[in-house]
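Engineer: Structure in structure tokens, see below.
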Amino acid sequence: MVKMKELANSLKELEEQLVVCIRCGMCQSVCPLFDRTRKEADVARGKLALLDGLGKNLFTNPNGVSERLNRCLLCGSCAANCPSGVNVVEIFIKARAILAEFKGLSPAKKLIFRKMLSNPETFDKLTEWAGKFQNIFTKQDKNAQGTSCARVVSPLFGDRHFLPMSNKPFHSSKSYNKNSSDISEESTSIINTNAGKSGLKVAFFTGCIIDKIFPHIGKDVIDVFGFHGVGLYIPTGQGCCGIPALASGDMKSFEKLVEYHIQLFNEEKFDYLVTACATCTSTIKKLWPSIYKGSASKTREKIKELSHKTLDINQFLVNKVKVLSEYAEVKMDGDSIRSEHIVTYHDPCHLKKSLGVFKEPRILIKASGNKLVEMEGCDKCCGMGGSFNLYHYDISSEIGQIKSKNIADTNCNVVATGCPACMVQISDMLAKKNLNIKVCHPIELYAKALRK
């Protein structure tokens, strides 16, 4: 009972945020999980009620509450549509951390987060090793998505069609540095160029999935910034933004990664921190300053400063570089544009709902000379949700199949999205249906257009 009182006291820090919820049920209409299960405990209102009851000692089942909290995509649909302005995602993340501290992390999570993920050098070596031997256990599908599947039935892979890791991750290549002075193997940056005609210099936060699965996106970023005369700084040794650890309630690993990257990006001056990953952008801009609890005031100030500088790459190119005024005007001609591809666009939850970025990727797609056809439910969650996909693949797949149908109904041959995690999920769903639709990032389409 003493521990339960301590837990209730810890949950009191959420009390001011919890009371904002008026239990109107608006979240039911937009929650992708509730849409599939129709269970009150799966919707934001139900979860908030459970937290409130646990904090007031109305019941004593922290394990049950924790289980329900983890049945959440953290997509932010509820928060984006809440008439009372309840910051549901922040509440759930803080509650997960409180409950994880109360219960303790499992040995497996301690190993993954504290020994691997929070140590970028170790994580890089392990994933590079795994990439070299992945073909022993997997075989490549013959489809437009380039996915692979398990050679034998496996509880780990199930019936997933997953994108394989690159043989050469982005961070391991020095050949990308063609526009700056030669960099030795001991250099602290993959690339470091001065601002050109744009007068701007940015730092690029790579993100795990681009680094290890989509390194060509990183190459496209370098080419696009080079074309527009944007100085570019990409430090070596980058790691995870911390969202996997944070979503599992591991504040220790999250804060370690935040402090690590604050120090890493403090080595060079730049105007903006740009990412091509919606989740990384949202995490750095919104969650680093609101969740980090470290005691060092200088670190908190640097987090706040970096947060203000952080932009999604579509947002940066359209709003800061003004790609339309420099290049795209000659490429766009309304409906008469001669399109190489019919492209539809999926809005990542962390980009539209969290950051309000949705026009810019569409502008970039059109600026690339492609015809954009909107799908039904373009801003509906694809069902990925990070670790949600690992623990609840059946529901994740159900939600994803709705997305794949909406994509196919547009008769497109390309679906673009600004989140690498969404790219992984959508590739899986399209592969299941054997649909000949390529999945890409808007920056890939734009970089290809610039090379013509």
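Engineer: Could you rank the peptides 434-444, 34-44, 120-130 by their average count of other C-beta atoms within 10 Å per residue, with the highest value first?
Structural biologist: In decreasing order of mean packing, 434-444, 34-44, 120-130 become 434-444, 34-44, 120-130.
Engineer: Using only the alpha carbon atoms of region 170-319, find the Kirkwood hydrodynamic radius as the inverse mean reciprocal pair distance, in angstroms to one decimal.
Structural biologist: 15.6
Engineer: Can you order the peptides 414-422, 290-298 by their average number of other Cβ atoms within 10 Å per residue, highest first? Could the numbers behind the result be given before it?
Structural biologist: Numbers: 414-422: 26.6, 290-298: 12.3.
The most tightly packed comes first, giving 414-422, 290-298.
Engineer: To continue, here is another question. Take region 2-104, drop everything but the C-alpha atoms, weight them equally and run the Debye formula without solvent; then report log10 I(q)/I(0) at 0.10, 0.14, 0.21 Å⁻¹ to two decimals.
Structural biologist: Summing over Cα pairs of region 2-104 leads to -0.24, -0.47, -1.06.
Engineer: Once the piece of chain linking Lys298 and Ser387 is laid out straight, how much longer is it, given 0.36 nm per residue of separation minus the C-alpha distance between them?
Structural biologist: 28.8 nm
Engineer: Additional query: When only Cα pairs under 8 Å and 6 or more residues apart are kept, what is the percent relative contact order across region 170-319?
Structural biologist: That works out to 23 percent.
Engineer: Right, next: Per 5 Å bin, what is the whole-percent P(r) computed from every C-alpha pair distance within region 331-450?
Structural biologist: Cα pair-distance distribution for region 331-450, in percent: 2, 12, 23, 24, 20, 11, 5, 2, 1, 0.
Engineer: Next up: Any chance you could run the full-extension gain for Glu267 through Ser84? It's 0.36 nm times the residue separation minus the Cα-Cα distance, nm to one decimal.
Structural biologist: Values: separation 183, 0.36 × 183 = 65.88 nm, distance 4.13 nm.
61.7 nm is the gain from fully extending Glu267 to Ser84.
Engineer: Have a look at the DSSP beta bridges in the chain and tell me what percent are antiparallel, nearest 5.
Structural biologist: Values: 7 of 27 bridges.
Counting only bridges with both partners in the chain, antiparallel ones make up about 25 percent.
Engineer: Sequence gap at least 6, Cα distance under 8 Å: using those rules, report the relative contact order of the chain to the nearest whole percent.
Structural biologist: It rounds to 16 percent for the chain.
Engineer: Sticking with this one: Order these peptides, 220-230, 59-69, by their mean beta-carbon neighbour count within 10 angstrom, highest first.
Structural biologist: Averaged packing, sorted descending, gives the order 220-230, 59-69.
Engineer: Work out Dmax and Rg for region 383-450 from the C-alpha atoms and quote the Rg first, both in angstrom.
Structural biologist: 12.4, 41
Engineer: At 15 angstrom or more along the helix axis (alpha-carbon based) and mean Kyte-Doolittle of -0.5 or higher, what helices does the chain contain? Whole DSSP H runs only. Could you put the intermediate results ahead of the total?
Structural biologist: Working: long enough: 44-55 (16 Å, 0.47); 88-103 (22 Å, 1.09); 120-137 (25 Å, -0.62); 215-227 (19 Å, 0.50); 251-265 (21 Å, 0.01); 297-309 (18 Å, -1.87); 393-408 (21 Å, -0.38); 420-432 (18 Å, 0.70).
Span-like helices in the chain: 44-55, 88-103, 215-227, 251-265, 393-408, 420-432.
Engineer: Order by neighbour count: Leu390, Leu445, Leu18, fewest other Cβ atoms within 10 Å first, most last.
Structural biologist: Leu390, Leu18, Leu445
Engineer: I would also like to ask the following. FRET efficiency for Ile342 and Phe59, Cβ-Cβ distance as r, R0 = 51 Å, nearest 0.05?
Structural biologist: Numbers: r = 53 Å, r/R0 = 1.04.
Working from the Cβ atoms, E equals 0.45.
Engineer: Let me ask you something else. Take every Cα-Cα pair in the chain and report what % of them are more than 42 Å apart. Write down the numbers at each step before the final one.
Structural biologist: Numbers: 13695 of 101926 pairs.
In whole percent, the share of Cα-Cα pairs in the chain beyond 42 Å is 13.
Engineer: Just want to confirm a number: the relative contact order over region 340-413, from Cα pairs under 8 angstrom separated by 6+ residues, in percent.
Structural biologist: Relative contact order comes out at 39 percent.
Engineer: A further question follows. For Gln140 and Val19 in one chain, what is 0.36 nm times their gap in residues minus the Cα-Cα distance, to one decimal in nm? Spell out each step's value before the answer.
Structural biologist: Details: separation 121, 0.36 × 121 = 43.56 nm, distance 5.08 nm.
38.5 nm is the gain from fully extending Gln140 to Val19.
Readers should treat all values here as calculations from the given coordinates under stated rules, not as data from a laboratory. Values in this document were obtained by computation on a predicted structure and should not be read as measured data. Here the Cβ is made from the backbone with ideal geometry for all residues, glycine too, and neighbour counts use every protein chain on show.
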